[in-house]
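The values are calculated or read from the model by the stated rules, or taken from the named source; none is laboratory data. No experiment lies behind these values; they were computed from the predicted model shown. Positions of Cβ are backbone-derived with ideal geometry, glycine not excepted, and every protein chain shown enters the neighbour counts. In case anyone asks, the SASA skips ligands and DNA or RNA and just uses the protein heavy atoms, side chains included. Shrake-Rupley method; radii C 1.70, N 1.55, O 1.52, S 1.80 Å.
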Amino acid sequence: MQRQLTTIAMDLATLWYLTIGTLVVATAMTLWERQAHAQRSLELGIWAAAYGVFTLGCFLAMYRNLLPGIAGPALTNVVMVLGYAMVLQGVLALDGKGLRLTLLAGFLVLLGLAWFVGGAGMGSAFWNHIGALPIAVICALTALALFRSGAAKGLRSRPLAIIVFACHSLTYAARAFVVPVAVSHYGDGVLPVVAKMTMYEAVLFTVAMPMSLIALVREEERAQLLSHARTDFLTGLYNRQGFFELGPERLHSPGRSGSHTLLACDLDHFKAINDTYGHDAGDQVLILFAHVASETAGPDAMAARLGGEEFAILLPGMARKDAHEVGQVIARRFAEAAARSDGLAIAATVSVGLAESQAGNADLGTLLAAADRALYKAKLLGRNRIEIAEPVGTAAAA
């Protein structure tokens, strides 16, 4: 029996050292990533510091018996809870939120007092069961914060991070509520097995946690770079690349059926505006049109600047009659806003070509080509007007 306990103790020591090693690597990896992601340097810095706190907590746990009385286990638990709170703080910081430091400090003080008051006579229960409860709660809150995070929304790595923290929370909840029941039935011989299982899970957690959090930051940056590549820097609308990459998804997304329309827009005499008022004024005209177009077309529309003074507005699921009205309102509001004396005070108008697909399987390139032909006709007929192309895909629909 003594030999078996010695073997278990040796195994636990090995697992403690392995956990410490993974935490040191996690700290170094996170600090390295921090140099490459300036936008998330705060969050990565908090997480790296948290891993350092965990490392300290592991050393304290290994040598907790060297401190007098309950001081060693109490200090270990308080330090570990601080590390988990710091991880939660970093997750909340993704959305510009955070824990109140005064409340956190007060909680840690109360936790320490609870150890010295209740742990003096219940040291084993506090170490094996009660001390696991705050860790379970904080990890559950971290998983919840990731689930609600607007910054992490849509990232493929978010579900993985949520699972990592949720599983760790369940592990410590089991230590707090399930293990005491098992001990009451099977005796204290259960505790060494639980300790070993907890350490195995801790090793996995200290590997998966930093990897999942770093993956969030990396994926967020890639998504931002991709968004910038698809966005016109001046107007904030999609550019030509974004329009042709994302437009087909809008046309063929679930629930999109029936007619689709597209407005091809070209600002009238734009070169003359630049020559007369200067390029700064020309930029303001472009920005104004982009604002009017996106606001008038509504959230379901997709507005893009294709180049120069050329714009396209995709209206998925909208029939020709309604799209024609949208085009008229855009043209009127744009001309009125540009001419106001308290604004640009520039006579600016727009020509519009409208194309409709009646087949339900519209091709974006074909639709734009038809709208461009109608736009060319509008310009030939004097500009500042809307012309409608022949419906696209009528034969296919028949």
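Some observations on this one:
- Within region 228-252, the set of residues being touching a Leu at 6+ places or on another chain (Cβ under 9 Å), in a helix (DSSP H, G or I) and aliphatic (A, V, I, L, M) comprises just one member, Leu251.
- Residue among Asp300, Asp280 that alone is more than 23 Å from the chain's Cα centre (by Cα), surrounded by fewer than 15 Cβ atoms within 10 Å (Cβ to Cβ), without any contact (Cβ under 8 Å) to a residue 24 or more places away in the chain and not in a strand (DSSP E or B): Asp280
- Lone qualifier among Ile46, Ile70 - being under 17 Å from Thr142 (Cα atoms), open to solvent by 20 Å² or more (accessible area, probe 1.4 Å) and touching a Gly at 6+ places or on another chain (Cβ under 8 Å): Ile46
- Considering residues of region 1-27 that are open to solvent by 60 Å² or more (accessible area, probe 1.4 Å) and hydrophobic (A, V, I, L, M, F, W, C) only, the residue modelled with the lowest pLDDT: Leu5
- From the options Ile330, Ile346, Ile313, residue that is over 16 Å from Asp232 (Cα atoms), modelled with pLDDT of 95 or more and either touching a helix residue (DSSP H, G or I) at 6+ places or on another chain (Cβ under 8 Å) or among the aromatic types (Phe, Trp, Tyr) (or both): Ile330
- All positions within region 283-297 that are open to solvent by 20 Å² or more (accessible area, probe 1.4 Å), closer than 17 Å to Leu234 by Cα and of a type outside the set (A, V, I, L, M): Asp283, Gln284, His291, Ser294, Glu295
- In region 338-355, residue most open to solvent (accessible area, probe 1.4 Å) [restricted to those that are of a type outside the set (Gly, Ala, Ser) and touching a residue at least 40 places away in the same chain (Cβ under 8 Å)]: Leu344
- Pair list, Cβ < 7 Å and 6+ apart or interchain, from region 218-230 residues that are more than 21 Å from Arg240 (Cβ to Cβ) to residues that are open to solvent by less than 60 Å² (accessible area, probe 1.4 Å) and not in a helix (DSSP H, G or I): Glu219/Leu155; Glu219/Ser157; Glu220/Ala151; Glu220/Leu155; Glu221/His37
- Among (1) modelled with pLDDT under 95; (2) of a type outside the set (Gly, Ala, Ser); (3) surrounded by fewer than 16 Cβ atoms within 10 Å (Cβ to Cβ); (4) part of a helix (DSSP H, G or I) - the single one Ile163 does not satisfy: (1)
- Count of region 148-157 residues which are open to solvent by 40 Å² or more (accessible area, probe 1.4 Å) and under 17 Å from Gly96 (Cβ atoms): 3
- Within region 229-250, tally of residues that are buried (at least 21 other Cβ atoms within 10 Å of the Cβ) and at pLDDT below 95: 1
- Ala136 vs. criteria modelled with pLDDT of 95 or more, open to solvent by 30 Å² or more (accessible area, probe 1.4 Å) and among the hydrophobic types (A, V, I, L, M, F, W, C): no
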